[in-house]
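Taking it in order: structure first as structure tokens, then the write-up.
The values are calculated or read from the model by the stated rules, or taken from the named source; none is laboratory data. None of these values were measured; they are calculated from a predicted model. Using ideal geometry, Cβ is built from the backbone for each residue, glycine included, and neighbour counts are taken over all protein chains shown.
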Amino acid sequence: MTNMRFGAFVAPHHPIGEHPTLQFQRDLDFAEHLDKLGFDEFWCGEHHSTGWEMIASPEMFLAAAGQRTHRIKLGTGVISLPYHHPFNVAQRIVQLDHMTQGRAIFGSGPGALPSDAHTLGIDPMLQRDRQDEAIGVIQKLLRGDERFSLKSDWFELNDAALQLLPLQKDLPLVVASMISPSGMTLAGKYGTGVLSIGSTTTAGLQALSTQWAFAEDAAAKFGNTVNRDNWRVVMNWHIAETREKAKDQAKNGLFRWHNEYTVGTLMRPGADAYSSPDEAIEVASQAGSGSIIGTPDDLIAALREMIQLTGGYGTVVGFVHDWANRQDTFESWDMVARYVIPEINGMLDQYRESQKFVIENRGVFDRAGEAVMAKIMGNERAVAAMAEEANAQSAIPAHHAPELKKR
């Protein structure tokens, strides 16, 4: 029996036109919904532009989510380290861990949106090196190492140490990975987990089969270890009772998301606008597209294929989008909890074995009826009652017999 964990990743991607305050509340409602359904992790990101991605502080959002949830882990997916002084990042993560009763996961990245880096005056060529430098500093601070000083070309520390350490003894650290080896290499260098975000694209899927080797090679080089159980793979899905229903629910939102955001805003290389919602949904439903739009069985099959492709990982994280309306989206995740999670984790295997055993051993259980009859036949009053009932049945006219049998 496997023990795969399930999570959700809210970038978020909300179409422009809705009330921003209500969007925040809806995402908090969603976190609460997932907690009730038993999901393991909830992630949200940091963005400062594009209009579609409106959570600027994942720590602040997750602190609010922590007040409305009880057991689900809360991950920053991710904090863009080049945008912040590392000491402040460490401080906020520690506070989040305490405010959520030890449920924080610290996920970091170099920054995904060029428009964010431009606004902050950061050269994109420096972002990955700065993330690397910041992770090492933050890791030392979170461990409670002795005070240290460091002067970088973009921050400075003098006799630095945190006055409060995380509530968790080993607060989980996770590095974002897209398609290039850089994320996996950082994970190996510092012995952290990985959040593979690029797996929602065709190119990202093709790269997954070789990605983990980069983490293992870097870990060996720097004297660390990495564990596949700490590898999280992001996938796109929308689930309904039938494929046709799932496609109908998702096609208009998918069409708008792709044309207005992916093509119209990000202008992602190689992405072309769709001519209609029907075209959008058909392309997204094809094998290898990075999306599963269909039934629980379709998602179960896709997850098993992903396990084979990657060689195994610990957590699947569903990318949360606004392709369907709120009710259909909530029901999609409800179906994942009801049907997909127990199937993938083998929680129904013993039920099926028990049912099969009863069906295939009917002859053994028929002895229970024989035992009851034996007791009856051993009791004179019971035998007399049975004989009396039999005589009464034989005295009833044939045309009334069916009515008696119904009773």
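The C-beta contact set for region 330-358 (first residue in the same structural domain as Met235 (by TED's automatic domain parsing), second residue surrounded by fewer than 16 Cβ atoms within 10 Å (Cβ to Cβ) and among the basic types (Lys, Arg), distance under 8 angstrom, 6+ apart or interchain) comprises Ile344/Arg304.
Screening Ala8 on (1) at pLDDT 95 or above; (2) not in a strand (DSSP E or B) shows it passes everything except condition (2).
What do you reckon, is Ile55 part of a helix (DSSP H, G or I) and in contact with a helix residue (DSSP H, G or I) (Cβ under 9 Å, 6 or more places away or on another chain)? Criteria not met by Ile55. For region 25-76, a tally of residues being touching a Leu at 6+ places or on another chain (Cβ under 7 Å) and surrounded by fewer than 19 Cβ atoms within 10 Å (Cβ to Cβ) returns 5.
With the condition kept exactly as written, say whether any residue in region 252-265 is assigned by TED's automatic domain parsing to the domain that holds Lys189 and not in a helix (DSSP H, G or I). Yes, region 252-265 contains a residue that is assigned by TED's automatic domain parsing to the domain that holds Lys189 and not in a helix (DSSP H, G or I). Take the conditions within 28 Å of Phe9 (Cβ to Cβ) and assigned by TED's automatic domain parsing to the domain that holds His258 and apply them to Gln206. Does it pass? Yes, satisfied. Cβ-Cβ contacts under 9 Å between residues 6 or more apart (or on different chains), taken from a first residue in region 50-61 that is within 24 Å of Gln91 (Cβ to Cβ) and touching a residue at least 24 places away in the same chain (Cβ under 8 Å) to a second residue that is crowded, with 19+ Cβ neighbours inside 10 Å and small (Gly, Ala, Ser), are listed as Ile55/Ala11; Ile55/Gly45; Glu59/Ala104; Phe61/Ala31. Close contacts from region 260-272, counting a first residue that is touching a residue at least 12 places away in the same chain (Cβ under 8 Å) and a second that is β-branched (Val, Ile, Thr), with Cβ to Cβ under 7 Å and a gap of 6+ residues or different chains, come to Thr265/Thr50; Ala271/Thr262; Ala271/Val263.
Determine whether Tyr339 is assigned to a helix (DSSP H, G or I) and within 28 Å of Glu32 (Cα to Cα). Considered against the rule, which asks whether it is assigned to a helix (DSSP H, G or I) and within 28 Å of Glu32 (Cα to Cα), Tyr339 comes out as yes. The single residue among Tyr261, Tyr190 that is surrounded by 14 or more Cβ atoms within 10 Å (Cβ to Cβ), within 23 Å of Pro12 (Cβ to Cβ) and among the aromatic types (Phe, Trp, Tyr) turns out to be Tyr261. Restricted to strands (runs of 3 or more DSSP E) entirely inside region 93-210, those with at least 2 residues that are under 30 Å from Gln67 (Cα atoms) are 104-109, 173-177, 193-196.
For residues that are in a loop (DSSP other than H, G, I, E, B) and either outside the structural domain of Glu260 (by TED's automatic domain parsing) or more than 15 Å from Ala246 (Cα to Cα) (or both), scanning just region 276-312, find the one that is modelled with the lowest pLDDT. This residue is Gly288.
Restricting Val137, Val89 to residues that are in the same structural domain as Met60 (by TED's automatic domain parsing), within 25 Å of the chain's Cα centre (by Cα) and either touching a residue at least 12 places away in the same chain (Cβ under 8 Å) or crowded, with 19+ Cβ neighbours inside 10 Å (or both) narrows the list to Val89. Could you go through region 54-72 and let me know if any residue there is over 17 Å from Ile197 (Cα atoms), at pLDDT 95 or above, of a type in the set (Phe, Trp, Tyr) and touching a His at 6+ places or on another chain (Cβ under 9 Å). No, every residue in region 54-72 fails to be over 17 Å from Ile197 (Cα atoms), at pLDDT 95 or above, of a type in the set (Phe, Trp, Tyr) and touching a His at 6+ places or on another chain (Cβ under 9 Å).
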